[in-house]
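To keep things clear, I will list the structure first and then write my remarks on it.
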Amino acid sequence: MKRTVLGLAAALSLALAGGAHAQAYPTKPVTMIVPFAAGGPTDIIARIVGDHMSKTLGQQVVIENVAGAGGTTGITRALTAAPDGYTIAMGHLGTFSAAPATYPGLKYDPINGMQPIGMAGGTPILIVGRKNLDAADLKAFVAAVKANPDKFNEAHAGLGSVSWTTCTLFKGILGTPKLNAVAYRGTGPALNDLVSGQIDFMCDQIVSVSEQVKAGTIKAYAIASAQRSPALPNVPTTTEAGLPEYQIEAWNGIAAPKGTPKEAVDRLVDALNKALNDENTKKRLLELGTVLPTAAERTPDGFAALIKRDAAKLDPALKAAPK
Amino acid sequence: MDMFSNLALGFGVALSLQNLALCFAGCLVGTLIGVLPGVGPIATIAILLPITFGLDPTGALIMLAGIYYGAQYGGSTTAILVNIPGEATSVVTTLDGHQMAKQGRAGVALGTAAIGSFFAGCVATLFIAALGAPLTKLALLFGPAEYFSLMVMGLCFAVVLARGSILKAFCMIMVGLLLSTVGTDLETGQERMTLGFAPLADGIDFAVLAMGVFGFAEVLRNLENPEARDVVKTKIGRLLPDWNDIKQSVAPVLRGTFIGGILGILPGNGAVLGPFASYTLEKKIAKDPSRFGKGAIEGVAGPESANNAGAQTAFIPLLTLGIPPNAVMALMVGAMTIHGIIPGPQVITKNPDLFWGMIASMWIGNLMLLIINLPLVGVWVKLLQVPYRLMFPSILIFCCIGIYSVNNQPVDVAFTAMFGLFGYLLIKLGFEPAPMLLGFVLGKLMEEKLRQALIISRGSFMTFVERPISAGLLVVAVVILVVALLPSINKKRDEVFTE
Amino acid sequence: MSLNQIEKAQGVRVRSSQDLAAGLFMLLLAGLAMVMSWELPMGTLRQLGPGMLPKSFAVICAFLGALLVLSSLRFEGEALSGWSWRGVFFVLGAACVFALCIRGFDIGPIHVPQLGLAVAGPLVILISGLAADDFRPKELVIFAVAMSTACALLFKYALSLPIPLAPWLLGI
């Protein structure tokens, strides 16, 4: 029944578009669901990339914010939509790699039940502490936490958030999963309490904390990426600082419902790549502290591999985390 | 002095033709979305973000800021005319503002709100320019314990909002608190009281609750007694406040500006408390508190000034610390980052054009809003003459579209209908919904801060008394409560004895 | 002491049916909240559980409800007034119809296609308009069409909200 109605609607819209002959995808605006509130890091990346994708597709990419339950509400809606290429989603590390282990009742399967399009950008993760912590570097900090876990308070932006996911991995590596975790509604208030010294440390995306680090109101211990960031060249990588196991990036990427026609997938991959190769879009993304994806990561297969790899990495720590 | 040379720089930036036009566009769009119930600044700013790609960052931020404070202006119009608070900050305005409209003084109420807001906006602009940097220290003094105590104090304010029974006001606060706990637990991710219903997983949206218990329930109430609604349309009265009205409003505006300005700086949306605190103060120091809730002009002038002052000083933590105190400010962070400016303590030194240009544009924007709004007062008041049989379907369709667009979830509209029924039931049972809304807004924050404070203090309640600011706030809370309760206990006794 | 004497002298009777109903309503709400949050752990003082606040609030609600019931027996107050089903039915019904039509819906065997604002808009106005005692059919129809067009222009085009207009006809 649903199919017929949709079919009729599609036929009708095609007819209106002016030809009995089927026209190439897309013939109407594409909805990109962002599963978070407007203005957040994922939303900004979606709007920047979507703006350029509209040019290549010849149809508007409309951003629709459907927030809720750590982003899983919006992704569920996108992945259960008709697989016609007109509904896609911009998810991130949390919704695609961490969600299955975080939310037991998850209604979608990011590994087998969706059509990845490609990665749009990665954001390095920083371990930051309040400015008057004794530990001078990551090694000393890790030693202090391990020796006296009860003395430390960690802040995060709620279960399922990037800061929670990445910090849970950090605590899993340290072997202190039960360390005092203080939940905030968003990283803004958490950062406020970190600056004022109410809490001791947090893990967060570079874009949220870089200016505070530069101003010296908080201390950055390490960046959990392979390379140092041009935004904060003085902050060592976790490998340099002696904790090479802790490697994690908060990436964003686009996916469509499983069964989306190959023609539409190809067009979307092409549009994404053109957007990421555009000088102006690139500049905007780099200004955000975003790391541009490699050529492989921009393809459905490469993106799928990334999702799988990070899911495997996060799984043990997330399942062991106290919930 | 430094401040003046800085402000001169700011006005130089803000008075360019392009920035003036953008400021005006922002204020106009802001007023429009503020007047439309449900469509809030968050959705609009998000949608307009890509449009600002082509602009320079200062111009873009000037426009987006204009939308934000323009919406605060517009929101009070809806609160006064149709008794629907578009945002948490205009809940209090419905109490006396709508009563004034019913008495045929809608124009005076709208005018007072606009002039009070303008004054508050001017003072707040100077305030940010002069004290912005040092005042950020205040935001840092507020940790979870202080914040919890502030919320407790806020809830004690709510008792004063009561028209009639204080016991019933207490009931409403508790119902609001109870409703605020619905949804996924922030810390453990467990679903609470959602009955496994996915759309409830993130709790009840403020817009859904407010449109339901105010908007829909008000329509139901009006449909029931045709006389009540006709009062609004037969009497038009003066369009602008006269000298007497202004004399009555001067002191409340001053006090409201001060209270709203201070609370606006606090992290975690302290600005919502401003109008409530101002209303409480005005009602407490009034010679005849019984006028409140029946169309007292102080009940509009004070809270409206507080609301606008708070809306503006909320920029202080954003501009000087880089920390957004509420959802709209978080969106402004997004807008700034999209233009390659990462908000932080260094914005003032690194981008003085942007910082001072924005501050100067706020003053210009406030002036523009006054110019946009005062002539519109006549138009708004005329709207009240539309026959109610056509007015309420229009309110309904605006509410439906507005609520749908908050999260793009149709089920939210159905929830609003449910809360409409709930609100109608409350009216029938003699409950006032305003304290419930305050309880609801503060409930989430209060629980979050309580749990944070207890984790940090390792389970010791003493933390609330040991920390001086927190202890001070709790003392104020107790004093408010005692002052509010004493007369009513005495009164009830008298009633018993005279029976 | 003196209070009790007065009570005895006048006997216990319902003096405000509105307050009595309000009190019972609070008790019912508290009971409901208690049942729904029954399984949530209370946690410890150091780490409050998700059940701590809902349950505490429910207990306070119940206490306030009981106080209201008692006061309804003691103080004179308003009586319950009638309830108008016509408004409830048409106004709230119209909102529910909007919710069902705007994006389409599947509830069990019932399937509503995505009708969009072009259909949901006029329906809201037409259905809710019936709630007024003095509605005029012709005026209402014209108003429904005009208002929906205005809303479509305002929300879809002026404010460019991502709201479906008529997916079945226009594809947007």
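The values are calculated or read from the model by the stated rules, or taken from the named source; none is laboratory data. Just so it is clear, the structure is predicted and the values come from calculations on it, not from any experiment. Glycine also receives a Cβ, built like all others from the backbone with ideal geometry; neighbour counts cover every protein chain displayed.
Values computed for the structure shown
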| item | result |
| --- | --- |
| All positions within the stretch A:50-70 that are farther than 20 Å from C:Leu159 by Cβ and within 11 Å of chain B (Cβ to nearest Cβ) | A:His52, A:Gly68, A:Ala69, A:Gly70 |
| Among residues of the stretch A:87-129, those that are under 30 Å from A:Asn277 (Cα atoms), surrounded by 24 or more Cβ atoms within 10 Å (Cβ to Cβ) and more than 16 Å from the chain's Cα centre (by Cα), counted | 1 |
| Residue match in the stretch C:60-72 (condition: within 7 Å of another protein chain (Cβ to nearest Cβ), out of contact with any strand residue (DSSP E or B) (no Cβ under 9 Å at 6 or more places or on another chain) and not hydrophobic (A, V, I, L, M, F, W, C)) | yes |
| Unique match (being surrounded by fewer than 20 Cβ atoms within 10 Å (Cβ to Cβ), within 21 Å of A:Lys55 (Cβ to Cβ) and out of contact with any strand residue (DSSP E or B) (no Cβ under 6 Å at 6 or more places or on another chain)) among A:Leu286, A:Leu276 | A:Leu286 |
| Top-ranked residue of the stretch B:384-405 - restricted to ones that are within 8 Å of another protein chain (Cβ to nearest Cβ) and of a type in the set (S, T, N, Q), ranked as nearest to the chain's Cα centre (by Cα) | B:Ser405 |
| Checking B:Gly357 against (1) more than 14 Å from chain A (Cβ to nearest Cβ); (2) within 25 Å of A:Asp193 (Cβ to Cβ), the condition it does not meet | (2) |
| Selected residue (only one of A:Ala296, A:Ala271, A:Ala231, A:Ala224 is assigned by TED's automatic domain parsing to the domain that holds A:Ile173, in contact with a helix residue (DSSP H, G or I) (Cβ under 6 Å, 6 or more places away or on another chain) and over 16 Å from A:Leu93 (Cβ atoms)) | A:Ala231 |
| Flag if A:Gly289 is within 14 Å of chain B (Cβ to nearest Cβ), closer than 28 Å to A:Ala226 by Cβ and within 16 Å of the chain's Cα centre (by Cα) | yes |
| Helices (runs of 4 or more DSSP H) lying entirely in the stretch B:87-182 (those with 2 or more residues that are closer than 28 Å to B:Phe315 by Cα and either more than 21 Å from the chain's Cα centre (by Cα) or without any contact (Cβ under 8 Å) to a residue 60 or more places away in the chain (or both)) | B:106-141, B:144-160 |
| Filtered residues of the stretch B:451-478 (kept if touching a residue at least 40 places away in the same chain (Cβ under 8 Å) and under 18 Å from A:Asn153 (Cβ atoms)) | B:Arg451, B:Gln452, B:Ala453, B:Ile456, B:Ser457, B:Thr463, B:Phe464, B:Arg467, B:Ser470 |
| Filter pass, B:Asn308 being of a type outside the set (A, V, I, L, M), closer than 22 Å to B:Thr257 by Cβ and without any contact (Cβ under 8 Å) to a residue 60 or more places away in the chain | no |
| Positions within the stretch A:175-192 being in a loop (DSSP other than H, G, I, E, B), within 13 Å of another protein chain (Cβ to nearest Cβ) and of a type in the set (Ser, Thr, Tyr), in sequence order | A:Tyr184 |
| Sole residue being surrounded by fewer than 24 Cβ atoms within 10 Å (Cβ to Cβ), of a type outside the set (S, T, N, Q) and part of a loop (DSSP other than H, G, I, E, B), chosen from A:Gly197, A:Gly172 | A:Gly197 |
| Answer residue from the stretch C:114-142, given it is in a loop (DSSP other than H, G, I, E, B) and either in contact with a strand residue (DSSP E or B) (Cβ under 6 Å, 6 or more places away or on another chain) or touching a residue at least 40 places away in the same chain (Cβ under 8 Å) (or both) and is nearest to B:Tyr404 (Cα to Cα) among those | C:Gly116 |
| Neighbours by Cβ (under 8 Å, 6+ apart or cross-chain): first from the stretch C:143-172, within 7 Å of another protein chain (Cβ to nearest Cβ); second outside any helix (DSSP H, G or I) and among the charged types (D, E, K, R) | C:Pro162/A:Glu64; C:Gly171/A:Lys28; C:Ile172/A:Lys28 |
| Evaluation of C:Ala58 against (1) in contact with a helix residue (DSSP H, G or I) (Cβ under 6 Å, 6 or more places away or on another chain); (2) touching a residue at least 12 places away in the same chain (Cβ under 8 Å); (3) among the small types (Gly, Ala, Ser); (4) surrounded by fewer than 19 Cβ atoms within 10 Å (Cβ to Cβ) (one fails), failing number | (4) |
| Scope the stretch B:408-436; condition at pLDDT below 85 and either in contact with an Asp or Glu (Cβ under 7 Å, 6 or more places away or on another chain) or hydroxyl-bearing (Ser, Thr, Tyr) (or both); matching residues | B:Asn408 |
| Every residue from the stretch A:225-240 that is hydroxyl-bearing (Ser, Thr, Tyr) and out of contact with any Phe, Trp or Tyr (no Cβ under 8 Å at 6 or more places or on another chain) | A:Ser225, A:Ser229, A:Thr237, A:Thr239 |
| Qualifying position, being surrounded by 15 or more Cβ atoms within 10 Å (Cβ to Cβ) and either over 27 Å from A:Thr80 (Cα atoms) or within 18 Å of the chain's Cα centre (by Cα) (or both), among A:Ala264, A:Ala224, A:Ala271 | A:Ala224 |
| Residues of the stretch C:79-113 that turn out to be in contact with a helix residue (DSSP H, G or I) (Cβ under 8 Å, 6 or more places away or on another chain), free of Cβ contacts under 8 Å to residues at least 24 places away in the same chain, assigned to a helix (DSSP H, G or I) and more than 9 Å from chain B (Cβ to nearest Cβ), as a count | 0 |
| Given (1) part of a helix (DSSP H, G or I); (2) among the charged types (D, E, K, R); (3) within 22 Å of the chain's Cα centre (by Cα), index of the condition A:Lys214 fails | (3) |
| Test for B:Val475: is it at pLDDT 90 or above and either more than 10 Å from every other protein chain (Cβ to nearest Cβ) or more than 25 Å from B:Ala271 (Cβ to Cβ) (or both) | yes |
| Matching residues in the stretch B:322-365 - criterion: being among the polar types (S, T, N, Q), within 22 Å of the chain's Cα centre (by Cα) and within 21 Å of B:Ala43 (Cα to Cα) | B:Asn326 |
| Selection count, the stretch B:438-459, where residues are modelled with pLDDT of 85 or more and either more than 9 Å from chain C (Cβ to nearest Cβ) or in contact with a Cys (Cβ under 7 Å, 6 or more places away or on another chain) (or both) | 7 |
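For every residue, the table says whether it meets (1) under 30 Å from B:Glu191 (Cα atoms); (2) buried (at least 18 other Cβ atoms within 10 Å of the Cβ); (3) not assigned by TED's automatic domain parsing to the domain that holds C:Ala21.
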{"site": "C:Leu64", "(1), (2), (3)": "yes, yes, no"}
{"site": "C:Ala99", "(1), (2), (3)": "yes, yes, yes"}
{"site": "C:Ile125", "(1), (2), (3)": "no, yes, yes"}
{"site": "C:Asp133", "(1), (2), (3)": "no, no, yes"}
{"site": "C:Leu140", "(1), (2), (3)": "no, yes, yes"}
{"site": "C:Met147", "(1), (2), (3)": "no, yes, yes"}
